[in-house]
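Asker: I have a structure here, written as structure tokens, and I will follow up with some questions on it.
Just so it is clear, none of the values below were taken in a lab; they were calculated from the coordinates. Owing to the predicted nature of the structure, the values given are computational and were not obtained by experimental measurement. Every residue, glycine as well, gets a Cβ built from its backbone with ideal geometry; the counts of neighbours run over all protein chains shown.
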Amino acid sequence: MENSSLTGQTNVFQLTDEEMKKISEILSNSMFFTMTCSSKTEAQMCSILLLEFLYFSRYKQTVQRFFGGSAAEGTNIKTSDIDKMIVGPNIYVCSDPGEGKMVRGHVFLVDSSDCSQGHVKLVLLKTDKTIPTIFDDHGKTLNDMLEQKQDGKFLLSNEKVVSFWINFLQKRETSTGPPRTSRHGPCATAKNTDPQGYVKRKIGDVIEQDFAHGIPYCSQTSEGKDWLRDRENFKWPSKKVVAKIKSLSCHAVAVGDKMSKHSDVEWRISYLLWERELVWSFNDIQLQGYVLLKVLLNKYIDPVAPEELSSYHMKTIVFWESENTIDNCWHPKYLLQFVRNCLLRLKCCILSCTLKHFIDRGKNLLLWRLQDPEVKDAIRNVIEEIIQNIITYLMQCVEGIDLNATWVESDGNVEEFLRKCRLDHDPRITYDFRESREPLRLFHFGRSSSLNVNVETVPADFSTLARYIESFEENDRYITDVHASIKNPVKKIIHIRSAIILAKQMLFAKQFSNEKFQKLINFMNENSDLDAISGKLYVATCFVAFKKPDKAFEVMKKIYAASEKYDTLIYAGLCSDCKSMRVSGETLIQERGLPRCSLSKTRNLSIFHDVIFANGDLPILPDALKFECFVDRVFLVHPSVYLFYLKVLCSKSTEKKNNISLLERAVHECDATLHTYRHFNILGYCYFEHGDYEEAFNCYRISFSRTVDNGRPNAAIYLLPILVYNILQKQRFDSDSEIIYQR
């Protein structure tokens, strides 16, 4: 087992209750800022609901895509994959033949005979060849998915359905080529690399996506009805959450009981939408306990017993423990106790080989697992050791703050540990916690809209954007749970993207009236308040493209004027490690951490995002960014870098050198991120245009050094030959030019 001989071990029974509570608060506060909290999950919920809404709109309100697991919950750890359930139109499952006959479409009747709890067979009740299904759209029919049994009944085959999806995924083209596909339980799994680091935050890491095919029930399952009825006896989940769950569908997904003799035609009942609603209702302590259990599983249990337990088991343990935890225990000082209680419950489940499904309480999630007594004992021993030394183990699970080293240096002395935390770590985890809570919430909300949603929206064509706009106007009731601070910026970026496409069309036409152009600018201005900076930079981009530098300068002055009314701007992008910025005059000063701010002063904070462009934007982009279109489908630029680049373009020759210096400072402030190289390309191009070939070369050299390890395509491969060509065109080489050429 990893770290079996831990230093700094302190048995929990050696500490007083008060000492345990103090350590627990530090642990909880640290996780709040580095791993998980309810505001992060709420922001993730909003962005996931928006992504699903836009997907539904994109496919003309026929095909639905639902996210599950950590991708939906905001509880992801380094090993997390992405779970998606695809629900096609016109196919349904029902438990009552009379109910099924009232439904328009293809209907399957549930048959649970000779099936283990939670699994069913789907017998064709009625079909209509005139009503298309998702299979018809991709070269198959519903009949191709059926299997006829000896009694003449037609059953829906999970094997055939999953094979259909694997074949479908193999034909998909991504930026890194067709994905590697396989079957994983009810899912068709697709694996490809993350070429831009938007998902894994690391170039080249494998993105694993599990696609399950779900068929909705016409009404709630009998087990679901029983569970909802029993909720009256418990405080968690709240009545509001239960009411929401009542409105959500259950689904049958394509996987049978592996021990069944007819596994190929069995389907598992899924409560994905119900369960993610439960996680979305978690408070900070529930979320932190759940994430800690997942990390413990990954670091300590999986190495001794791979594939025996899963994060779904950990989630179920948290569900059960939450149902039995009283309200006044949801406080940071009780996090250690909550995790310990979850581990004790898990240990009992391991010993009895029984973990009941939280909703379908007749289903045992440990059925057919833990069959090897040695493996079972190994898991139990790991859990017992973690319980006995829970402080040391949990401190090693926290990311971003090395609490364990501080604990070891303190020799298990709690007061010394607290003193060292105050001296050596971020003050937010000790005495500044409350003042940092609201800025962090704003950060999570800003990041969810700018990355999760906008990156997917930017490459959309005009007709797709029009469908998005129409859906917001006509079907906004479907996303009432989405917070306005996320929904409104997404609406505005969709309008901005539409305007950019119209601007490109006007540039191609080369003939347009000033009145038409002004209408376009007015429309962009109306939507440019999507954040503090980037929205206005899209407007300035249009002015530069239409050769109106004075107008672009006016927009930039408005950015400074509007931003100065805020104490701090919170940066919610990926292009800098600095998370905030102050505006003073025409100077932008980036700062590392989030600001501290009491709740009464949150009006003095505002969000700003990265500027996001697509390769199709090439006609409207300034020269340095045109080259980026050749290597990336979508790319990000830090607003500070882009603003100063536009200033360089629009300034008079006497002011260019000073503005290039300001741009250089902004580039260096953003250094050491995945997007640094692009900023150096922009700076290098400005030096090239200014005739400073030595500095241009140095910038391109630095840019290459940032991508050589991860193999990421780099526009410097185009920029450097242009630089060399211009050097060669000189009639006489001065010493600097000759040195560059020799390099």
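Asker: Counting alpha carbon pairs within less than 8 Å and at least 6 residues apart, what relative contact order, in whole percent, applies to the chain?
Answerer: It comes to 12 percent, rounded to a whole number.
Asker: I need to check one value: relative contact order of region 101-158, counting alpha carbon pairs closer than 8 Å and at least 6 residues apart, in percent.
Answerer: 28 percent
Asker: Divide by every residue of the chain the summed helix terms, -39500 (n - 2.57) for each DSSP H run of at least 4, and state the resulting mean residue ellipticity at 222 nm, rounded to the nearest 500 deg cm²/dmol.
Answerer: Dividing the helical sum by the residues of the chain leaves -15000 deg cm²/dmol.
Asker: Next question, about the same structure. How would you classify region 484-589 from its alpha-carbon gyration tensor, with a ≥ b ≥ c the square roots of the eigenvalues: rounded for a/c under 1.5, else prolate if a/b is greater than b/c, otherwise oblate?
Answerer: Prolate.
Asker: What translational diffusion coefficient, in µm²/s and rounded to a whole number, does the Stokes-Einstein relation yield for the chain at 4 °C and a viscosity of 1.567 mPa s, taking the hydrodynamic radius as the Kirkwood radius over Cα pairs?
Answerer: Result for D is 45 µm²/s.
Asker: Of I501, G152, I166, which is farthest along the charge dipole of the chain in the positive direction, counting Lys and Arg as +1 and Asp and Glu as -1 at C-beta?
Answerer: I501
Asker: Mind pulling the angle between the C-alpha long axis of helix 462-474 and the longest principal axis of the chain? Nearest 10 degrees, somewhere in 0 to 90.
Answerer: 60 degrees
Asker: Looking at region 215-274, which chymotrypsin sites (Phe, Trp or Tyr not before Pro) are DSSP coil and have at most 16 other C-beta atoms within 10 Å of their C-beta?
Answerer: The qualifying sites are F234.
Asker: Okay, next question. Only Lys, Arg, Asp and Glu count, each charged at its Cβ (+1, +1, -1, -1), so figure out the dipole size of the chain about its Cα centre, rounded to 20 debye.
Answerer: Once rounded to the nearest 20, the dipole reads 1840 debye.
Asker: Could you tell me the distance between the Cα centroids of region 395-415 and region 445-485, to the nearest Å?
Answerer: The distance from the Cα centre of region 395-415 to that of region 445-485 comes to 42 Å.
Asker: Near the amide H of D577, under 5 Å away, which other amide H atoms are found, from residues 5 or more places off or on another chain, if H is placed in the peptide plane?
Answerer: Residues meeting the criterion, in which the H sits 1.01 Å from N, do not exist here.
Asker: At most 12 other Cβ atoms within 10 Å and a DSSP loop assignment: could you name the trypsin sites (Lys or Arg not before Pro) in region 624-665 that fit?
Answerer: K652
Asker: What do you get for chymotrypsin sites (Phe, Trp or Tyr not before Pro) in region 369-462 restricted to DSSP loop and a cutoff of at most 13 other Cβ within 10 Å of the site's Cβ?
Answerer: Within region 369-462, the qualifying chymotrypsin sites (Phe, Trp or Tyr not before Pro) (loop, at most 13 other Cβ atoms within 10 Å) are Y431.
Asker: Here's something else I'd like to know. In whole Å, what is the distance between the alpha-carbon centres of region 316-379 and region 102-136?
Answerer: The distance from the Cα centre of region 316-379 to that of region 102-136 comes to 34 Å.
Asker: For region 406-422, take each phi angle, set θ = phi - 60°, evaluate the Karplus expression 6.51 cos²θ - 1.76 cosθ + 1.60, and give the result in whole Hz per residue in order, putting x for glycine and proline.
Answerer: Karplus values, whole Hz, x for Gly and Pro: 5, 5, 5, 5, 8, 6, x, 7, 5, 5, 5, 4, 5, 5, 5, 4, 5.
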